[in-house]
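So the structure is just underneath, and the comments pick up after that.
The values are calculated or read from the model by the stated rules, or taken from the named source; none is laboratory data. Since the model is a prediction, treat every value here as computed from it, not as a measurement. Counting neighbours? That spans all protein chains shown, and the Cβs are built from the backbone with ideal geometry, glycine included. Heavy atoms of the whole protein, side chains included, go into the accessibility calculation; ligands, DNA and RNA do not. Shrake-Rupley method; radii C 1.70, N 1.55, O 1.52, S 1.80 Å.
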Amino acid sequence: ALHPWFNLVHQDINADIANSMLAHFDKSVEKMLPIWSFYGNETWCMIGYHAVSVLADMIVKGVKGFDYERAYEAMKTTALNEHYDCLPDYMRNGYVPFDKEAESVSKTLEYAYDDWTIYHTALLAGNRSVADTYKKRAANYTNVFDTNMGYARPRYADGRWKENFNLLNTHGEGFIEGNALNYSFYVPQDVDNMIRLMGGREKVLADLTDMFEKTPGDYLWNDYYNHANEPVHHVPFLFNRLGMPSLTQKWTRDICRNAYHDKVTGLVGNEDVGQMSAWYVLAAAGIHPICPGDGRYEITSPVFDRVEFRLDPAYAAGGSFVIEARDNSPENIYIQSATLNGKKYDKCYLTHDDLATGGTLVLQMGAKPSDWGKD
C-alpha cells in the first residue's frame with residue numbers, strides 16, 4: 001500500500017526510490033533488484049521479487065524521474081536470475097515443488113503476481129514477445145490450486161499433491177507468514193479465474209464471509225483474516241469483485257475501527273516499512289488497490305467525511321481529487337449512491353486516470369447495505 005499511496009501524493013519520493021533500486025541493481029553482485037536490502041546489501045529474508053511490482057505500478061501510473069528502459073531490463077533480469085532462491089525450479093516446473101522448498105506455494109503465488117506485473121508493463125511498452133513470456137509465467141499460480149478442494153495446496157515435483165493437507169495449520173507446510181486459507185486468495189492479478197478455481201462465486205463468497213466471521217474482533221494474529229500480516233491485506237476488497245461491495249464497506253470500516261488504536265496495540269502487526277499504516281490511510285480515505293500495477297482502486301466506506309488528495313502538478317493535471325462522504329457516521333457505513341464530478345456513478349472502483357484528472361467523488365452514506373456498486 002505504501003508505494004501506491006506515494007504514487008498518488010508523493011510521486012517524487014517514489015521516483016527517488018526507483019532510482020535507488022536501479023542503483024542497487026547496477027551494483028548488486030547478483031544483478032538483482034532489492035528483495036530486502038539492508039545497508040546496500042541483500043538479506044534475502046523475504047520471498048518474491050516485489051521490487052518489480054513497485055516499478056510496474058510507477059510505470060503504469062506515469063511516474064516521471066527514472067528511466068523506464070533501465071527499469072524494464074532490471075525487472076526482466078531479476079525474474080530470470082538462476083541464482084535466486086527457487087526461481088530455477090519455478091521456471092522448470094511452473095511452480096515451486098514442495099520437496100524442494102517448504103514455502104513452495106507462497107513463493108509460487110508471489111512469483112506469479114510479480115511475473116504478471118512484468119507482463120503488463122511489457123504489454124504497455126508494446127513488447128509482445130516479452131509480454132507473451134510473462135503472461136504464461138503469470139498463470140503459474142494455477143498449478144498450485146487443487147480444484148477438487150478449491151484451495152491452493154503444495155505439490156511435489158512429480159505432480160502429486162502433498163498428503164495430510166490442513167487448511168489452517170500450514171505454516172512451513174507450503175506456506176510462510178500465512179496459511180492455505182490466507183494464501184489461496186493471493187491472486188490479485190486474476191481474481192476472476194481465482195474465483196473459478198476456488199469453486200465459483202457462491203462458494204468463494206461463503207468462504208470469505210466465514211473467514212471474516214471467525215476472525216477475532218481485535219484482529220490480532222489468527223488463522224482467518226490475519227490483518228497482523230500482509231498476505232491478506234487485499235482480501236476485504238475482494239467482496240467488491242464478488243458483487244457484494246457492502247461487505248467490503250462493512251469489514252474495512254470494522255478493521256479501521258478495531259485494528260488501529262492510539263495505544264501499545266495500535267498496530268496489530270509489524271509496521272513493515274509503512275505497509276500497515278498505508279493500508280489504513282488508503283482504506284480510511286475510501287479507496288484501495290487490490291493489484292498494484294493495474295491502475296484500479298476499489299471504493300470502500302471512508303472513515304472521514306472529506307479527504308482531499310493534493311496531486312503534484314508535475315505528474316497529474318487535475319490539481320486535487322476529493323472524496324466526500326455525506327451523512328457519514330459510525331452507524332452510517334454503507335454507500336447508498338455516488339456521483340463523480342456531478343454525474344451518477346455506479347461503479348465500485350476508480351481508475352488512476354480518474355484520480356489524476358482531478359474532481360470530486362461524493363458518496364451518500366446510510367445505515368443499511370444497498371445495491372450500489374453491485375454491477
Against the condition open to solvent by 60 Å² or more (accessible area, probe 1.4 Å), in contact (Cβ under 8 Å) with a residue 40 or more places away in the chain and farther than 22 Å from Tyr280 by Cα, how does Glu173 come out, does it pass? yes
Determine if segment 158-168 includes at least one residue that is assigned to a loop (DSSP other than H, G, I, E, B) and open to solvent by less than 10 Å² (accessible area, probe 1.4 Å). no
Matching residues, segment 338-358, being open to solvent by less than 20 Å² (accessible area, probe 1.4 Å) and either polar (S, T, N, Q) or part of a strand (DSSP E or B) (or both): Ala338, Leu350
Specify the residue that is surrounded by the most Cβ atoms within 10 Å (Cβ to Cβ); the eligible residues are those in segment 36-58 that are out of contact with any Phe, Trp or Tyr (no Cβ under 6 Å at 6 or more places or on another chain) and of a type in the set (A, V, I, L, M). Leu55
Looking at segment 18-29, can you tell me whether even one residue there is under 20 Å from Asn229 (Cβ atoms), of a type outside the set (Phe, Trp, Tyr) and modelled with pLDDT of 90 or more? no
Residues of segment 113-125 that turn out to be more than 13 Å from the chain's Cα centre (by Cα) and modelled with pLDDT of 90 or more, as a count: 7
Which condition number in (1) surrounded by fewer than 17 Cβ atoms within 10 Å (Cβ to Cβ); (2) under 17 Å from the mean Cα position of the chain (by Cα); (3) of a type outside the set (Lys, Arg); (4) part of a helix (DSSP H, G or I) is the one that Ala23 fails? (2)
Which numbered condition trips up Tyr186, out of (1) in a loop (DSSP other than H, G, I, E, B); (2) open to solvent by less than 10 Å² (accessible area, probe 1.4 Å)? (2)
Taking segment 119-132 and keeping residues in a helix (DSSP H, G or I), farther than 18 Å from Ile290 by Cβ and not charged (D, E, K, R) leaves Ala122, Leu123, Leu124, Ala125, Ser129, Val130, Ala131
Segment 208-236: number of residues that are touching a residue at least 24 places away in the same chain (Cβ under 8 Å) and part of a helix (DSSP H, G or I): 9
Go over the candidates Thr121, Thr43 one by one and state the one that is in contact with a helix residue (DSSP H, G or I) (Cβ under 7 Å, 6 or more places away or on another chain) and of a type in the set (Ser, Thr, Tyr). Thr121
How about segment 239-265: which of its residues are assigned to a helix (DSSP H, G or I) and within 11 Å of Asp218 (Cα to Cα)? Asp254, Ile255, Cys256, Arg257, Asn258
Being without any contact (Cβ under 8 Å) to a residue 60 or more places away in the chain, assigned to a loop (DSSP other than H, G, I, E, B) and closer than 20 Å to Trp372 by Cα is the filter here; which residues of segment 274-313 pass it? Val303, Phe304, Asp305
Result of the Cβ filter at 8 Å on segment 82-95, keeping first residues that are more than 17 Å from Asp158 (Cβ to Cβ) and assigned to a helix (DSSP H, G or I) and partners that are open to solvent by less than 70 Å² (accessible area, probe 1.4 Å) and among the hydrophobic types (A, V, I, L, M, F, W, C), at least 6 apart or interchain, is Leu87/Ala79
Return the residues of segment 311-337 that are more than 30 Å from Ala15 (Cβ to Cβ) and loosely packed, with under 12 Cβ neighbours inside 10 Å; say none if nothing qualifies. Ser329, Pro330, Glu331
For segment 273-290: of the residues being touching a helix residue (DSSP H, G or I) at 6+ places or on another chain (Cβ under 7 Å) and small (Gly, Ala, Ser), which is farthest from Ser320 (Cα to Cα)? Gly274
Do we find that Glu271 is touching a residue at least 40 places away in the same chain (Cβ under 8 Å), farther than 18 Å from Gly373 by Cβ and surrounded by fewer than 20 Cβ atoms within 10 Å (Cβ to Cβ) in this structure? no
